[in-house]
Amino acid sequence: MSLFNKIDMKKIVFGLIMMNLIYTYSQKQVGSLNFEIKNSSKSIQKSFSIFNKYNSNTSTFFFENKAIYAYLLNENFNLKKQLSFEIKKHKYNVFIGKIYDKKDNYTLILSNSKRTKFAIIKFLFDTNKVLLIEDSFDTKNLRFLQSVNKGDKAHILFLDEKTSNIVSRNYSINKETTSTVFDFKNEKFFITDTKETSLKQLLTDYTKPNHSEIKNIVYELTKINDSPYKNEFVYKSFSTTTKRSQVPPTSIELSSRLNKLYINESDIIITLDKNRFYTQILTLNLEHGTYTFQKIKKPLFNVSSMNKRSNSFIHNNLFFQITASKDILNFSIYNLENKNLLKEFITTSSDSIKFKNSPIIQEGGAFKEYRSLKQTKQFLRKVSQSNVGIGVTNNKDGYEIVIGCEKQTVKGINTISTILSMGLAGFSPNLMDTSNFSQTDFNSFTNYLTTKSVRIHCLFDENFNHKAGRIKENIYDNKLYKT
């Protein structure tokens, strides 16, 4: 019996449900898999899809305990080809990255649970072959930071715990795997306004759930965007099926993380906000192995560290900073290239917040009722004692910005599997990559369900003048209450 005869139709349905988490944001079906697979098996462990930006095909992968099944679909979601691969080594159980080309060759990068050993599996649909290659890369003293996927290239970033340098492991579809070291020995990192520290110390993020319990990912960066390409799968789905004004800003639950990663077409940006006096920014060019480092002074600089909270956010070429104490909140917007201040908003505990377009919302997860706080001092008291953050998105008339703070209400970081198992009647994958369904949007959705947040929503025109208007219902509300 072939490997394909062992997988049942339930797994295809499961894949469809995952795909429809994005496709049905507008309650409109865009495509479906219309082929069946015979016989049955209990369950799958992992499932994800990759959209090929070069030819608009999609490859869907299902992982079983001892096999991987790959399906190549055209832009109309009709099956073109299928491949399978028997897994003889079980240590590679975490999906890390992906590479693909216009010939429909797909390379998956897998690791063990500690992110210390890696392998690549090549699914060559053009020649109907599958190859497994173990990476001999020595990860001694290295700790996983994050993965970066850029079409025919992928990079895995590590922190060298001994030197506080960043090491990039570089994978390419047709070239040898290489490594790049970003040496920061000439840079001065700060933990306060005057005290120096190491990059290693800045990268420990106490705002992450279970940050002290999962040691192998203690330095992991929060990825704000997954792809620099605007024709990637999720962007295409949103732009064709959902009004952009309905897509909410990055959730407070993600934007309140202290160390964030932004992926651009030519470089990546790492922002470090553990220091409450400066945002420290590393911009890495992964192609050329070069970097820049800068510090941007935060608002309320003269307020002591113990009495304030601060954070930042990058959107396109704009840099947003927020600092809050129990008495005052400062929200500033800069041009990221020249650091020119574009706009500054200040409110005190005795003022009303003149730039908000919503009540002050306190919410304990999406399945609980929320209440409105009446006074600005209540808002400032909470954001000055919790994990503060800013989320930003464009809409057709300007910007929607959410400002607030969060606190985890459900212990643990693997909320995705928990929520999916609730909704899928028993399906409970061990690991699921949604990087082509936007991991960021998926994490925003799950965090939206499992955290307690206090926030305000604000509307601005293209010049960041506050404007009147009603906050439109977001896609998560649609999925929760209207299906």
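Listing Ser350, Ser251, Ser172 from the residue with the fewest other Cβ atoms within 10 Å to the one with the most, what is the order? Walk me through the numbers on the way to the answer.
Working: Ser350 10, Ser251 26, Ser172 16.
If I rank by nearby Cβ atoms, fewest first, I get Ser350, Ser172, Ser251.
Through the Karplus equation 6.51 cos²θ - 1.76 cosθ + 1.60, θ set to phi - 60°, convert the phi angles of the range 312-319 into ³J(HN,Hα) values in whole Hz; use x for Gly and Pro.
Result, rounded to whole Hz: 9, 7, 10, 9, 6, 9, 10, 10.
Residue by residue, what Karplus-based ³J(HN,Hα) values in Hz, rounded to whole numbers, does the range 275-283 have, using 6.51, -1.76 and 1.60 with θ = phi - 60° and x for Gly and Pro?
6, 8, 10, 9, 8, 10, 10, 10, 10
Within a Cβ distance under 12 Å of Leu72, other residues only, what is the Lys/Arg minus Asp/Glu net charge? Walk me through the intermediate numbers first.
Details: positive: Lys80, Lys81, Lys103; negative: Glu75, Asp104, Asp126.
It works out to a net charge of 0.
With 10 angstrom as the radius, rank Ser358, Ser266 by how many other C-beta atoms surround their C-beta, starting from the fewest.
On the way: Ser358 15, Ser266 11.
Sorted ascending by nearby Cβ count, the order is Ser266, Ser358.
Kindly put Lys308, Lys297 in sequence by how many other C-beta atoms sit within 10 Å of each C-beta, fewest to most.
Values: Lys308 25, Lys297 11.
Fewest-to-most ranking of Lys308, Lys297: Lys297, Lys308.
Taking the range 64-151, how much of its Cα-Cα pair set, in percent, is spaced more than 22 angstrom apart?
Of all Cα-Cα distances in the range 64-151, 32 percent exceed 22 Å.
Pulled fully out, how much extra length does the chain show between Asn55 and Thr177, if you take 0.36 nm times their separation in residues and subtract their Cα-Cα distance? All intermediate terms of the calculation are to be shown ahead of the outcome.
Values: separation 122, 0.36 × 122 = 43.92 nm, distance 2.48 nm.
Additional length available on full extension: 41.4 nm.
No lab work stands behind these numbers, since they all come straight from the coordinates. If you're wondering where the values come from, they're calculated on a predicted model, not measured in any experiment. Because the Cβ atoms are built from the backbone with ideal geometry, glycine has one as well, and the counts that use them run over all protein chains shown.
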